[in-house]
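S.K.: Structure below; questions to follow.
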Amino acid sequence: MATVVVLNGPNLNLLGVRDPQVYGSATLADVETLCREVAGRHGLEVEFRQTNHEGELIDAVHEVRESAAGVVVNAGAWTHTSVAVRDALETVVGPVVEVHISNVHAREPFRHHSYLSDIAAAVIVGCGIRGYGYAVEEVAARRA
Ligand code: DQA
């Protein structure tokens, strides 16, 4: 079965605990459940990962870059800092959808620039965890 790979970067393991006024009270487990529900409706499987180590995220991208039906990525703070994560994601064959739970454009100026947006097929910001569901929908839509 085709697989949507959902990758999460640093501190997203603390979803539900960290800054709930910014990120909400849902946990990363809730995000995973949502992604699996949406993907299941489209006959897709989900591989769901989170890491606090930049090289691990890059290795994960390399592992799936050819096989994934699409990659949904919330790279957290690496979005704003990492050319290396960008370079890895640029090698993904399928669509890459960038997600941010918060509206990064309404926050501190250092969050306004993304190293990923111009290589992403789509960008979803400020929709809370629903953005992950929309991102999985977008991967499915691009396969149809
Ligand atoms: C985030 C926004 C980033 O600026 C921040 O560093 C995160 C989460 C979001 O989902 O809103 O860790 O990617």
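S.K.: Across the stretch 89-103, which residue is farthest from the ligand (Cβ to nearest atom) among those that are crowded, with 20+ Cβ neighbours inside 10 Å and without any contact (Cβ under 8 Å) to a residue 40 or more places away in the chain? Spell out the reasoning first.
M.R.: Applying the first criterion (crowded, with 20+ Cβ neighbours inside 10 Å) to the stretch 89-103 yields 89, 92, 94-101.
Narrowing the set further to residues that are without any contact (Cβ under 8 Å) to a residue 40 or more places away in the chain leaves 89, 92, 96, 98-100.
Details: L89: 14, V92: 18, V96: 15, E98: 9, V99: 7, H100: 4 Å.
Out of the qualifying residues, it is V92.
S.K.: Quickly run through the stretch 4-35 and pick out the residues that are away from the ligand (no atom under 16 Å from the Cβ) and surrounded by 17 or more Cβ atoms within 10 Å (Cβ to Cβ).
M.R.: Of everything in the stretch 4-35, those that are away from the ligand (no atom under 16 Å from the Cβ) and surrounded by 17 or more Cβ atoms within 10 Å (Cβ to Cβ) turn out to be V4, V5.
S.K.: Does V61 satisfy being in a helix (DSSP H, G or I), open to solvent by less than 10 Å² (accessible area, probe 1.4 Å) and away from the ligand (no atom under 14 Å from the Cβ)? Spell out how you get there, then give the answer.
M.R.: Numbers: in a helix (DSSP H, G or I): yes; open to solvent by less than 10 Å² (accessible area, probe 1.4 Å): yes; away from the ligand (no atom under 14 Å from the Cβ): yes.
For V61, the condition - in a helix (DSSP H, G or I), open to solvent by less than 10 Å² (accessible area, probe 1.4 Å) and away from the ligand (no atom under 14 Å from the Cβ) - is met.
S.K.: Would you point out the residue of the stretch 99-130, among those that are part of a helix (DSSP H, G or I) and of a type outside the set (A, V, I, L, M), that is nearest to V31 (Cα to Cα)? Please lay out each step first, then the result.
M.R.: Taking the stretch 99-130 as the starting set, the residues that turn out to be part of a helix (DSSP H, G or I) are 104-106, 109-111, 117-119, 130.
Among the residues that remain, those that are also of a type outside the set (A, V, I, L, M) are: 105, 109-111, 117-118, 130.
Values: H105: 22, P109: 27, F110: 26, R111: 22, S117: 21, D118: 25, R130: 8 Å.
Among those that are part of a helix (DSSP H, G or I) and of a type outside the set (A, V, I, L, M), it is R130.
S.K.: Being farther than 16 Å from N103 by Cα and within 14 Å of the chain's Cα centre (by Cα) is the filter here; which residues of the stretch 15-28 pass it?
M.R.: L28
S.K.: Check the stretch 42-58 and report whether any residue there is in a helix (DSSP H, G or I) and among the hydroxyl-bearing types (S, T, Y). Walk me through it before giving the result.
M.R.: First, the residues of the stretch 42-58 that are in a helix (DSSP H, G or I): 54-58.
From the residues that got through so far, the ones that are among the hydroxyl-bearing types (S, T, Y) too are none.
For the stretch 42-58, residues in a helix (DSSP H, G or I) and among the hydroxyl-bearing types (S, T, Y): absent.
S.K.: While we're on this one: In the set V73, V96, V125, V64, which member is aliphatic (A, V, I, L, M), farther than 26 Å from G43 by Cβ and at pLDDT 95 or above? Even if it seems obvious, please write down each step before you answer.
M.R.: Values: V73 fails: farther than 26 Å from G43 by Cβ; V96 fails: farther than 26 Å from G43 by Cβ; V64 fails: farther than 26 Å from G43 by Cβ.
After ruling out the rest, the residue left standing is V125.
The values are calculated or read from the model by the stated rules, or taken from the named source; none is laboratory data. Everything numeric here is computed off the predicted structure, so don't read it as measured data. Quick reminder, even Gly has a Cβ in these numbers, built from the backbone with ideal geometry, and neighbours come from all protein chains shown. Please note that ligands, DNA and RNA were not included when accessible areas were found on the heavy atoms of the full protein model with its side chains. Shrake-Rupley method; radii C 1.70, N 1.55, O 1.52, S 1.80 Å.
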